[in-house]
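The next block holds one structure in the form of structure tokens; read it before the comments.
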Amino acid sequence: MPFTPSLSGLKALAHPRRLQIMEQLAHHGPATSARLARALGLNTGATSYHLRALAGHGFVEETAGTGHGRERWWRAVSQDLRLPPRSRQDAETRAVVDEMNRLAYASDLRLFEERQRTGAVGDPEDADWQDAAFPYSRGTIRVTPAELRGFFEEYIALVNRYKRAHEDAPSDSRTVLTRFLAFPAS
């Protein structure tokens, strides 16, 4: 079921450090605030603060049974996050959504360029991943607004068919980023 966050939830996501935390959890699975802080070059106090803020809006949650003593493990909540339709966004919401999108796209492009440069697939002898990595499609379609909404829903359904928790994924699987971007050319 789609989840549309409140304006305060969108503001929580539009913070650069929180987006980094969300990306780290989504890409690498559950982690403690200390592990996240090390991976992102942050201090644990700030990381814990950001995790609590994200948890308060339902974007992350503690995982049960993984901590030892006072250790708390966190994971990204898997959900179909939807932004409010642009026609229903007031000026403040639109500014927050635009900043969140700007930060997310910039991060995606940095990671994409890094993976291309450094070899995202790890072992150069891994022909399956060498051949599967970096598929590319750029095209145009001529559609009505209703058809574009339907196209997006079909895309989401396809992505959801392949979603699974880190612990449920095959041992040879990897986290693969997918992005959907569609807008009128004129």
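The values are calculated or read from the model by the stated rules, or taken from the named source; none is laboratory data. Remember, predicted model here, so these are calculated numbers, not experimental data. For neighbour counting, all protein chains shown are included, and Cβ atoms are generated from backbone atoms with ideal geometry for every residue, glycine included. Just the protein is used for accessible areas: all its heavy atoms, side chains included, with ligands, DNA and RNA removed. Shrake-Rupley method; radii C 1.70, N 1.55, O 1.52, S 1.80 Å.
Helix-only arithmetic for the chain: the sum of -39500 (n - 2.57) across DSSP H runs with n ≥ 4, divided by the residue total, places the mean residue ellipticity at 222 nm at -16000 deg cm²/dmol.
Packing here is the average count of other Cβ atoms within 10 Å per residue, and on that basis the peptides 169-178, 27-36, 12-21, 75-84, highest first, run 12-21, 27-36, 75-84, 169-178. With θ taken as phi - 60° and the Karplus curve 6.51 cos²θ - 1.76 cosθ + 1.60 applied, the whole-hertz 3J(HN,Hα) list for the range 29-40 is x, x, 7, 8, 5, 5, 5, 4, 4, 4, 5, 9 Hz, x standing for glycine and proline.
Backbone geometry of the range 41-56 corresponds, through the Karplus equation with coefficients 6.51, -1.76 and 1.60 at θ = phi - 60°, to 3J(HN,Hα) couplings of x, 10, 8, 5, x, 5, 5, 4, 4, 5, 4, 5, 5, 5, 5, x Hz, x marking Gly and Pro. Near the amide H of Leu81, within less than 5 Å, lie the amide hydrogens of Phe3, all on another chain or at least 5 residues away, with H placed in the peptide plane. Under 5 Å from the amide H of Val60 lie the amide H atoms of Ala55, Val77, each residue being 5 or more positions distant or on a separate chain, with H modelled from the backbone and absent for Pro and chain starts. With protein chains left intact and a 1.4 Å probe, residues in the chain average 71 Å² of accessible area per residue. Charge dipole of the chain (Cα centre as origin; +1 on each Lys and Arg Cβ, -1 on each Asp and Glu Cβ, all else neutral): 700 debye, rounded to the nearest 20. Of the solvent-accessible surface of the range 29-186, computed with a 1.4 Å probe over protein heavy atoms with every protein chain present, carbon and sulfur atoms account for 52 percent. Could you tell me which of rounded, prolate or oblate describes the chain, using a ≥ b ≥ c as the square roots of the eigenvalues of the alpha-carbon gyration tensor, with rounded for a/c under 1.5 and, failing that, prolate when a/b is larger than b/c and oblate otherwise? Verdict is oblate for the chain.
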